Structures are given as structure tokens and as C-alpha cells.
Amino acid sequence: MSDIGYEDNESKLMRKIKQNPFVPAGMAGFFAIVAYRLFKLKSRGETKMSVHLIHMRVAAQGFVVGAMTLGVVYSMYNEYFLKPAEAQKALEQKALEKK
């Protein structure tokens, strides 16, 4: 594999992260919750192992779903509010230039 191919893959990853910043945040949150709950496994007290694992799964999935929801809201805001406003400003600028 050439160096150019590697740079393309790296830039593609960075471009995807910039387009969807909540995906890496969701993944980081997921792993943080799982690591924390596994760390707290010893001090779970009288709670059954299965209940503790179910709570860990629900918390991690909840964080990921929340991050995905925020990502969708963010992309919708960019698509339906920012881009039309920029297009409107560009049209107004063209109209002013023609006068």
C-alpha cells in the first residue's frame, strides 16, 4: 500500500468525523460507561450479576442512542436552517451586485 492511499484513508476518516462528530462521542461514551460499570462490578453488593450487566447494557445503549439523536438533530439543523440561510444570503449578494 502506498503512502498516498494511507493519507486518503486518514483524511476520509477525519472528514467523516467532522461531518458526524457525535459518532466518536457516542463510541467514547459507550466504552467509558462499560469500563466504569466493569470497574464497579466488585462493589455491586447484593445485586445479581445478570441485573448488573443489564443495567450496564441499558446505560451504554442509552448513551449511544442519545448521541445518535443529537447527531441527527445537528445534521438536520445544518441541512434545513444553515444551508438555506447561506443560500439566501448568496442570492441577496448577487442581487446587490447586479444593481
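Name the single residue, out of those in segment 54-75 being of a type in the set (A, V, I, L, M, F, W, C) and exposed (fewer than 14 other Cβ atoms within 10 Å of the Cβ), that is farthest from I17 (Cα to Cα). Residue satisfying both the conditions and the ranking: I54. Which of the numbered conditions does N9 fail, given that it passes all the others? Conditions: (1) modelled with pLDDT of 80 or more; (2) part of a helix (DSSP H, G or I). For N9, the exception is condition (1).
Could you tell me whether A60 is small (G, A, S), at pLDDT 90 or above, in a helix (DSSP H, G or I) and in contact with a helix residue (DSSP H, G or I) (Cβ under 6 Å, 6 or more places away or on another chain)? Here the answer is yes, as A60 does meet what is asked. Of (1) under 15 Å from the mean Cα position of the chain (by Cα); (2) exposed (fewer than 13 other Cβ atoms within 10 Å of the Cβ), F81 satisfies all except one. Which? Unmet condition: (1). Count of segment 14-48 residues, restricted to those that are over 19 Å from F63 (Cα atoms) and open to solvent by less than 70 Å² (accessible area, probe 1.4 Å), is 3. Does segment 13-33 contain any residue that is of a type outside the set (D, E, K, R), in contact with a Leu (Cβ under 8 Å, 6 or more places away or on another chain) and touching a residue at least 24 places away in the same chain (Cβ under 8 Å)? Scanning segment 13-33, I find at least one residue that is of a type outside the set (D, E, K, R), in contact with a Leu (Cβ under 8 Å, 6 or more places away or on another chain) and touching a residue at least 24 places away in the same chain (Cβ under 8 Å), so the answer is yes.
The values are calculated or read from the model by the stated rules, or taken from the named source; none is laboratory data. For clarity, every value in this text was computed on a predicted model and none was experimentally measured. Backbone-built Cβ (ideal geometry, glycine too); neighbour counts: all protein chains shown. In case anyone asks, the SASA skips ligands and DNA or RNA and just uses the protein heavy atoms, side chains included. Shrake-Rupley method; radii C 1.70, N 1.55, O 1.52, S 1.80 Å.
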